[in-house]
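Read through the structure below, which is laid out as structure tokens, and then see the notes.
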Amino acid sequence: MNKAMENDWQTILSLGAEGGSITLLGKEQHSGEWVFKKAVNEMNFDDLEDESFQPTKSTEKVCTLKSPISNRGNEATSWEKAIKLLDHYPWPMLNPREVHPAFRKRVWSALQKEVKGKYGDRINSYRLKKWSSLCLPEYSPKVDTLSKWLQNSTHTTILTGAGMSTESNIPDFRSKEGWWNNIDPRTVATTDALRDDYDLFHEFYSMRINGLKQCKPNIGHDILADWEQKGLIQAIATQNVDGFHTLAGSKNIYELHGSIHKFRCGNCAMSAEEEDFLSESNCKYCGGKLRPGVVLFGEMLPEESWRDSLTHIQKSDLVIVIGTSLEVYPASQLPKMTNGKTVYINAEVDTTHHNFDLMIEGKAGEILKLVDELV
Ligand code: BV8
């Protein structure tokens, strides 16, 4: 990290282009707060507008920093204001040369906002790769590999779990904030609970059904739906009962653990409506207790979903497992039933427990977005 000339100013973001550079400098105060200033050097921006502008070796030459042309409006006392200092320049199109490790995530999300807001697909994958390699070094080589495998695969199946929906603000089950940390699954998600403690069973599922109404599919769901449309993936087998893959537009969905949007009588299996269940009405045919169409522990999986998922997995040359602890049988066995390459994308990856050809530890939405930018 090149320490700036005076008072331990550090380079937060250094951008290069034809014969010049922009550098965002930062200095950490004793209070822990950072102040920022911008240094611009001999930058002529005309060539930046031209989409085909590609940095040549010459632009890589290190520019000696001159003090900012004018101090006015070149300093900032917050990160948001610091990024605003770059507003006059098409900075996402410049050649990123350095990003301060402590600011990688913030630079990356500022870049995302800028790209979504102003540049859309004008920023080419070459440039994006350069940005992601500087802002998300831990991901990028693996993201590159995955994007290549995805493009070369003739049949790709995705297996998802509750981790796919946490970025939609739906808790998963076994993470620190997961359902099963506060509730013993045997008391609510088993046929015994349905039979012996209907009030608790009903309260648990009503809470989840109503909670879902405030949520919607996230970028991860949208990208998978888009990949299906582009023929990059052929099927999604999911353990999720929230229906968000379907809501995001995916067609080839296999709900291994059923759906929380379907209802039937626990006694005669006649179908029922959501409001009948939520209003604790009994089955109008046999008077039995109503239940959501999810697979409870101890129950068999829906035969068709299981069979079709297995068929896809067995003919896949690439299986991507996203956001699941793989603790629930038999879905947990599916990744082992393919001869194709296997990839695991999860917020927690413990290499002792999981053995995949490629493992990427991180948030599903974020990683799928990185891959999507490269395919
Ligand atoms: C069956 C529907 C035949 C209801 C669910 C003893 C040993 C082994 C097996 C058994 C056993 N005793 C019983 C069994 C079988 C049992 C089982 O596997 N039990 C386990 C818990 C030990 N399985 C069954 O009962 C199945 N039926 O086997 O029938 C049979 C019958 C009887 C006896 C023998 C055989 C039925 C299983 C289906 C149960 N129903 N759900 C409902 O939703 O309420 S399972 C429940 O767990 C959820 O559906 C969920 O999908 C499933 C798996 O959980 P995950 O999706 O993986 O979620 P989890 O929280 O665990 O992990 C999320 C991960 O995402 C975390 O790692 C987290 O780090 C990560 N993450 C979070 N955010 C992100 C992220 N990753 C990336 N990005 C993020 N943003």
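Laid out as a table, the results:
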| item | result |
| --- | --- |
| Of residues in segment 321-335 being within 23 Å of the chain's Cα centre (by Cα) and of a type in the set (S, T, N, Q), the one farthest from the ligand (Cβ to nearest atom) | Ser332 |
| Matching residues, segment 161-183, being within 8 Å of the ligand (Cβ to nearest atom), polar (S, T, N, Q) and in a helix (DSSP H, G or I) | Thr166 |
| Close pairs from segment 199-213: first without any contact (Cβ under 8 Å) to a residue 40 or more places away in the chain, partner within 11 Å of the ligand (Cβ to nearest atom), Cβ under 8 Å, at least 6 apart | Leu200/Val188; Leu200/Ala193; Phe204/Ile183; Phe204/Val188; Phe204/Ala189 |
| Residue in segment 188-219 that is farthest from the chain's Cα centre (by Cα), counting only those that are polar (S, T, N, Q) and within 12 Å of the ligand (Cβ to nearest atom) | Thr191 |
| So Ile360, is it surrounded by 14 or more Cβ atoms within 10 Å (Cβ to Cβ), under 21 Å from the mean Cα position of the chain (by Cα) and at pLDDT 95 or above | no |
| Failed criterion for Asp222 (all others in (1) out of contact with any Gly (no Cβ under 6 Å at 6 or more places or on another chain); (2) free of Cβ contacts under 8 Å to residues at least 40 places away in the same chain; (3) outside any helix (DSSP H, G or I) hold) | (3) |
| Qualifying residue in segment 339-350 (condition: more than 16 Å from Leu146 (Cβ to Cβ), near the ligand (Cβ under 10 Å from one of its atoms), touching a residue at least 12 places away in the same chain (Cβ under 8 Å) and in contact with a Pro (Cβ under 9 Å, 6 or more places away or on another chain)) | no |
| Residues of segment 258-287 satisfying the condition of being assigned to a helix (DSSP H, G or I) and either of a type in the set (A, V, I, L, M, F, W, C) or within 11 Å of the ligand (Cβ to nearest atom) (or both) | Phe277, Leu278 |
| Among the candidates Leu290, Leu310, Leu296, Leu318, residue that is away from the ligand (no atom under 16 Å from the Cβ) and either within 32 Å of the chain's Cα centre (by Cα) or buried (at least 16 other Cβ atoms within 10 Å of the Cβ) (or both) | Leu318 |
| Some residue of segment 220-228 being modelled with pLDDT of 95 or more and within 11 Å of the ligand (Cβ to nearest atom) | yes |
| All positions within segment 241-259 that are small (Gly, Ala, Ser) and buried (at least 23 other Cβ atoms within 10 Å of the Cβ) | Ser250 |
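The values are calculated or read from the model by the stated rules, or taken from the named source; none is laboratory data. Since the structure is predicted, the reported quantities are computational estimates derived from the model, not experimental observations. Using ideal geometry, Cβ is built from the backbone for each residue, glycine included, and neighbour counts are taken over all protein chains shown.
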